[in-house]
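No value in this document is a laboratory result; all are computed from the given coordinates. All of these numbers come straight from a predicted model, not from anything done at the bench. Note that each Cβ is placed from the backbone with ideal geometry, even for glycine, and that neighbours are counted across all protein chains shown.
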Amino acid sequence: MQAKQKLYELYKGTVERVTGPRTVSAFLEKGVLSVPEFILAGDNLVAKCPTWSWEAGDPSKRKQYLPADKQFLVTRNVPCLRRAVSVEEEYDAAGAEVVLDDDDGEGWLATHGVQASKQEEEEDIPSMDTLDIGKGEGIKSIPSYFGGGKEQEEEEDIPDIDTYEDTGDNLAVAEPSYFVAEEPDDDNILRTRTYDVSITYDKYYQTPRVWLTGYDESRMPLKPELVFEDISQDHARKTVPFHILKFIASVIPTIEYDYTMDFDLGSTSTS
Amino acid sequence: SSRAARFSRPLMVLPLQSFPEETFWDALRRLKLDVLGTDDSPLPITAPQACNLLKAARRIIVPPSDNSYGNRNDCPVPGTLINTNNMRGFQNLDRDLLLKAEAKKILDDIISGKVEEDPSLLLRFLVISFADLKNWKVYYNVAFPSLIFNSKMTLLSLQSASKVLSEEEATSLYNSLLEWRASNTKTTVVPFFLISISSKLCASVRHLKDWNACQGNCQKLLFGYYDHGSKGDKVKQDFPGGALRNYIAFLNIRWKIDKVQFFCYREHRGMPDLEHSLIGEASFSQPDGWDDPDYVPEAIGWEGEKPGKGTKEIEPKIANLESINPVSQDNEKQ
């Protein structure tokens with residue numbers, strides 16, 4: 001399995017080296033993207049959706065056919081509030097796929113349309129690490145309710161109001177603090193997973209490729225098998241192999257995708 | 001303007017937080033294996049300081065050349081990495097001393113005027129680590145040095161920018177912020193900047209070094225910075241981000257301003273958000289002793305420092321690198 005994979009990578013690499021990058025558009029006939037089209041699409045994405053940006057990346061991995069400062073596109077710390085399975089259950093209950101209308105009137109299919117439109121309407125996007133679960137005097141989370149000990153210990157990591165003292169001249173007097181305690185125990189805060197989403201150009205397939213890097217609630221990298229909890233089960237373990245986490249936008253149903261939800265990646269069915 | 005709520009209380013800020021990316025750990029792992037060996041001398045590294053609200057935290061990337069460009073969402077900020085060879089070396093590092101050394105660099109850059117050329121020097125950070133490569137784990141701690149002097153910073157007023165500014169001012173400011181953020185100029189990737197509002201209520205965003213040119217011909221001058229804020233919690237929204245403290249120290253020591261009008265710039269979905277951006281006023285009287293070349297300021301800023309305990313007792317954070325371990329990925333596949 002692994003040897004086959006390595007052989008394939010080697011073959012692909014060789015083909016990429018000997019063939020020039022596509023410069024002529026064949027988007028309509030073949031559904032592939034030329035390099036200038038990729039850059040243009042990226043420029044548009046960055047202009048229209050400011051949470052995305054171009055990045056230069058590691059100079060040793062630079063692709064010569066792309067500008068040095070436009071090697072790939074990235075948006076970071078996108079909150080992912082729920083696991084995909086729960087969304088799919090809801091979707092099954094809702095019964096149907098939903099056709100969304102874009103500006104040109106060309107409807108396109110949203111495999112999780114119900115959920116998507118709901119999220120779009122929500123004004124308050126939760127920040128990367130916090131989610132207001134009880135607006136105003138809503139639910140108060142009791143730390144022990146969430147499993148007690150361990151989580152509480154983590155919370156205590158945050159500098160407390162009365163911790164810091166000045167130069168030590170008057171230790172007897174309680175000094176005013178400099179920092180606000182970030183997350184007191186009784187706060188209405190729920191941590192969430194986050195993802196970095198990046199898009200590279202695949203010279204071999206002449207398509208964009210979407211990559212995901214997941215982080216858990218305490219901002220540690222997610223193990224691959226945990227990432228699969230956020231992937232639509234139709235795609236997990238099929239078009240999404242372990243060695244490379246390659247996705248198309250529709251396989252990530254639970255990601256709080258900002259307003260880039262509407263971004264049509266064109267043909268990315270490379271698997 | 002006079003509509004701002006006035007009060008006087010000690011300035012409290014939200015601490016900066018680190019958010020090391022997976023690529024950072026991978027780069028550190030390869031650096032240790034291929035380049036460093038047992039060399040544990042301090043290394044310069046760069047971290048992008050996130051500019052918008054959704055990305056509340058700072059991330060860290062090595063090597064320094066990686067992300068030297070910066071873009072509208074990330075300002076490169078200089079830092080120091082000290083990677084020790086074993087757990088004991090890591091535990092024995094004198095965290096207080098290391099923090100003070102970084103704080104001293106910040107003060108020196110303020111005094112020498114380097115900060116005017118490169119304002120990101122105010123956000124200098126420190127990472128100490130021990131990379132346990134056999135077990136695919138990294139133990140680490142991060143500090144964002146914040147200068148402390150014998151004189152206190154006082155907050156005089158603080159309100160949503162949309163409440164402080166007149167409608168015309170707000171519209172003009174919104175448009176110039178929008179234009180400036182989209183312009184991709186050098187100022188866009190600098191975490192501290194100036195906002196001038198002319199007597200004709202026309203707002204513009206400018207580099208800190210234009211301060212002298214700005215004076216006189218403008219009605220309002222605000223010292224702006226990218227503020228990480230905290231969106232999920234209504235209470236926390238009302239506090240400025242931690243970057244403000246060193247900013248005020250700079251404005252006071254270098255430019256002798258003891259009443260600072262500041263602007264905490266915040267975004268919503270990548271667009272300027274004047275509702276959540278804050279305008280406030282803080283006062284700070286010139287501290288003693290800082291101009292002595294040997295003066296080393298006190299500093300705080302270690303993440304995870306616990307109440308009543310010394311910096312020695314800070315628990316290390318642990319990054320689990322299993323997700324980038326090819327062996328574990330192969331095992332999963334079978």
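Listed peptides A:11-23, B:24-36 appear in the order B:24-36, A:11-23 once ranked by packing, highest mean of other Cβ atoms within 10 Å at the front.
Averaged over the residues of A:45-58, the number of partner chain Cβ atoms lying within 10 Å of the residue Cβ comes to 6.
Each label was represented as a point 7 Å from its Cα along the Cα-to-Cβ direction; for B:LYS209 and B:SER112 these points are 1.5 nm apart. Largest GNM mean-square fluctuation across B:LEU133, B:LEU81, B:LEU222, computed for chain B with C-alpha springs under 10 Å, falls on B:LEU133.
Cβ-to-Cβ counts within 10 Å put A:TRP52, B:TRP302, A:TRP211, B:TRP290 in ascending order as A:TRP211, B:TRP290, B:TRP302, A:TRP52, the fewest first. Each of B:GLU298, B:GLU305 was scored by other Cβ atoms within 10 Å of its Cβ. Listed from fewest to most, they are B:GLU298, B:GLU305. Pairwise inverse Cα distances across the stretch B:89-237, averaged and inverted, put the Kirkwood hydrodynamic radius at 18.7 Å.
Taking each of B:LYS163/B:LYS259; B:LYS209/B:LYS256; A:LYS12/A:LYS63 in turn, the alpha-carbon distance tops 18 angstrom for B:LYS163/B:LYS259. Protection proxy ranking of B:268-276, B:138-146, by the mean of other Cβ atoms within 10 Å over each peptide's residues and highest first, is B:138-146, B:268-276. Relative contact order of chain B: 24 percent, from C-alpha pairs under 8 Å at least 6 residues apart in sequence. The HN-Hα couplings worked out from phi for the stretch B:128-137 by the Karplus form 6.51 cos²θ - 1.76 cosθ + 1.60 (θ = phi - 60°) are 10, 8, 10, 8, 8, 5, 4, 9, 6, 9 Hz, whole numbers, x standing for Gly and Pro. Computed from label points 7 Å out along Cα-Cβ, the spacing between B:ASP288 and A:GLU29 is 8.2 nm.
Partner shielding of A:214-225 amounts to 5, given as the average count of beta-carbon atoms from other chains within 10 Å of each residue beta-carbon.
Relative intensity of chain B on a log10 scale, I(q)/I(0) at q = 0.06, 0.08, 0.09, 0.10 Å⁻¹, equals -0.23, -0.40, -0.50, -0.61, per a Debye sum over C-alpha point scatterers of equal strength in the absence of solvent. Rounded to the nearest 10 degrees, the inclination of helix B:243-255 to the longest alpha-carbon principal axis of chain B is 60 degrees. Taking other C-beta atoms within 10 Å as the exposure proxy, A:TYR8, B:TYR295 rank A:TYR8, B:TYR295 from fewest upward.
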